[in-house]
Amino acid sequence: MKTVESIQPLDPHELCARIQADEAFTESVKVALNARGQAQETLFEIARAARLQGFPDRRAEVRSVIEISNICKQRCNYCNIGCEETQKYVIPSEDLVEIAAFLYRERGRRVLLLQSGENKDRRFVANVIRACAQIKDRLPDIQLIGCIGNLSRDQYREMREAGVDRYLLKIEASNPTLYEAAKPHDTWSERRQCLDDLIELGFMVGSGIIVGLPGQTEDDLVGDLRFLTDLDLDMVSASVFIPGHGTVYEHEPRGDVETTLNFMALLRILNPSALMPTTSSLEKLKADGQYLGLMAGANTLTIHDGTPQAFQHLFPIYDDTRYRPNDDHLRAIAERAGLVVPS
């Protein structure tokens, strides 16, 4: 069997044609994941051309995130949101409605991401659903994205009926063994069933993976690319692994930003019409990382201006120095990348 080192370099255009034609898919993806220098720049150019096919107006989506709660029923090995010592909070439903109205009126937002730790508690989910219904009643042209983890099919149905347009549920790893090693209190089969439920219920569905998880191989990344593409998603993503402070994976090596950017470029090439974010994890590990994400084909900007300041330090993801991009930064990098940002 060939190793990555023994695969002969290909012209990036030829390489992408092979990937799109599903020809020697595994070897072609591995070559692309290892592209550096001029080969990587050409890969990014092809990804941007694919994005232009799907989004000929060059428009970037801007969304505000409201981190509605840090209560998490999972205890993932890479994330510290569920740490027992962290003070817990939940933004009341009436406050969510007011925050949404402020972002709509004062910031011009038309897309809101409602994110929390994974929590299927009936009372919590019911409060979120009630707030979403009130927001949509008050602001019917706003797009709501839910992101609160695995829920029952009935809970998802109620969210859809309340007007939630989209749902983000990252698969994190398409390899069940790798997934359950990183998320020991969950099962891959339940996660996959949730994705199927969301698709069947008519949500615009997004999913994504983490590049650089401990134990992950290049073959895993090849499988991730195929898995996400086969789902024909409305939103796709890849974030680089950052070990969370105080987690099981705290002392594991960080993921590689260049490999993550290349994976993003491949996602774009195979999913030209999907929305794809440039994540804050890129910026945390590399200066101008989010700009490079746009150059690799991303077209979604998430602005962290919806969570009340008093709660922001309680939703750390990685640690207390989590990077939170602001409006000015994201608009500037979008302009540099030749994308159009709604005013």
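Mind listing whichever residues of region 88-98 are open to solvent by 30 Å² or more (accessible area, probe 1.4 Å) and at pLDDT 95 or above?
In the first step, residues of region 88-98 are kept if they are open to solvent by 30 Å² or more (accessible area, probe 1.4 Å); the result is 88, 90, 92, 94-95, 98.
Answer for region 88-98, where residues must be open to solvent by 30 Å² or more (accessible area, probe 1.4 Å) and at pLDDT 95 or above: V90, P92, E94, D95, E98.
Residues in region 14-71 that are aliphatic (A, V, I, L, M) and on the phi > 0 side of the Ramachandran plot: A24 only. Name every residue in region 301-317 that is under 16 Å from the mean Cα position of the chain (by Cα) and either among the hydrophobic types (A, V, I, L, M, F, W, C) or crowded, with 21+ Cβ neighbours inside 10 Å (or both), in order of residue number. Residues satisfying the conditions are L301, T302, I303, I317.
Can you tell me which residues in region 182-205 are open to solvent by less than 50 Å² (accessible area, probe 1.4 Å), of a type in the set (A, V, I, L, M, F, W, C) and assigned to a helix (DSSP H, G or I)? Show your work before the answer.
First, the residues of region 182-205 that are open to solvent by less than 50 Å² (accessible area, probe 1.4 Å): 182-183, 186, 188, 191, 194-198, 201-203, 205.
Filter again for of a type in the set (A, V, I, L, M, F, W, C), leaving 182, 188, 194-195, 198, 201, 203, 205.
Result: A182, W188, C194, L195, L198.
Taking into account only those residues within region 219-237 that are part of a helix (DSSP H, G or I), of a type in the set (D, E, K, R) and open to solvent by 20 Å² or more (accessible area, probe 1.4 Å), which is nearest to D197 (Cα to Cα)? Step through it out loud before you land on a result.
Let us first name the residues in region 219-237 that are part of a helix (DSSP H, G or I), namely 219-230.
Still in the list and also of a type in the set (D, E, K, R): 219-220, 224, 226, 230.
Filter again for open to solvent by 20 Å² or more (accessible area, probe 1.4 Å), leaving 219-220, 226, 230.
Values: D219: 27, D220: 24, R226: 20, D230: 16 Å.
My answer is D230.
The one condition from (1) modelled with pLDDT under 95; (2) more than 16 Å from L113 (Cβ to Cβ); (3) open to solvent by less than 50 Å² (accessible area, probe 1.4 Å) that M295 does not meet is (1).
Residue check: is R75 crowded, with 17+ Cβ neighbours inside 10 Å and either within 16 Å of C194 (Cβ to Cβ) or of a type in the set (K, R) (or both)? Taking the combined requirement at face value, the residue satisfies it.
Of the listed requirements (1) buried (at least 18 other Cβ atoms within 10 Å of the Cβ); (2) in contact (Cβ under 8 Å) with a residue 60 or more places away in the chain; (3) closer than 28 Å to R153 by Cα, L103 misses just one: (3). Scanning region 181-201 for residues being in contact with a helix residue (DSSP H, G or I) (Cβ under 6 Å, 6 or more places away or on another chain) and not hydrophobic (A, V, I, L, M, F, W, C) gives a total of 1. Of all residues in region 238-276, those being open to solvent by 10 Å² or more (accessible area, probe 1.4 Å), small (G, A, S) and closer than 24 Å to Q53 by Cα number 2. For region 246-331, the helices (runs of 4 or more DSSP H) that sit wholly inside it and include 2 or more residues that are touching a helix residue (DSSP H, G or I) at 6+ places or on another chain (Cβ under 7 Å) and free of Cβ contacts under 8 Å to residues at least 60 places away in the same chain are 257-270, 280-285, 289-295.
Remark: pairs (first residue in region 35-53, within 11 Å of P12 (Cβ to Cβ); second residue open to solvent by 60 Å² or more (accessible area, probe 1.4 Å) and in a helix (DSSP H, G or I); Cβ separation under 8 Å; 6+ apart in sequence or on different chains) = T42/H13; I46/H13.
Among the residues of region 326-333, are any within 17 Å of the chain's Cα centre (by Cα), more than 23 Å from I148 (Cβ to Cβ) and crowded, with 21+ Cβ neighbours inside 10 Å?
So in region 326-333, the residues within 17 Å of the chain's Cα centre (by Cα) come out as 330.
Filter once more, keeping what is more than 23 Å from I148 (Cβ to Cβ): 330.
Going one step further and asking which of them are crowded, with 21+ Cβ neighbours inside 10 Å, we end up with 330.
Yes, some residue in region 326-333 is within 17 Å of the chain's Cα centre (by Cα), more than 23 Å from I148 (Cβ to Cβ) and crowded, with 21+ Cβ neighbours inside 10 Å.
Looking across region 31-71, the residues that are more than 30 Å from T307 (Cα to Cα), charged (D, E, K, R) and surrounded by fewer than 18 Cβ atoms within 10 Å (Cβ to Cβ) come down to R36, E41, E45, D57. Residues that are modelled with pLDDT of 95 or more, open to solvent by 10 Å² or more (accessible area, probe 1.4 Å) and under 19 Å from H304 (Cα atoms) do occur in region 142-152. The single condition among (1) in contact with a Phe, Trp or Tyr (Cβ under 7 Å, 6 or more places away or on another chain); (2) part of a helix (DSSP H, G or I) that I135 does not meet is (1).
For T279, are the conditions met, namely being open to solvent by 10 Å² or more (accessible area, probe 1.4 Å) and closer than 23 Å to Q74 by Cβ?
Details: open to solvent by 10 Å² or more (accessible area, probe 1.4 Å): yes; closer than 23 Å to Q74 by Cβ: yes.
It is true that T279 is open to solvent by 10 Å² or more (accessible area, probe 1.4 Å) and closer than 23 Å to Q74 by Cβ.
The values are calculated or read from the model by the stated rules, or taken from the named source; none is laboratory data. Every value quoted in this text rests on a predicted model; they were computed, and no experiment measured them. FYI the Cβ positions are ideal-geometry reconstructions off the backbone, even for glycines, and counts take in every protein chain you see. For the accessible areas, the whole protein counts, side chains as well, though only heavy atoms, and no ligand, DNA or RNA atoms are used. Shrake-Rupley method; radii C 1.70, N 1.55, O 1.52, S 1.80 Å.
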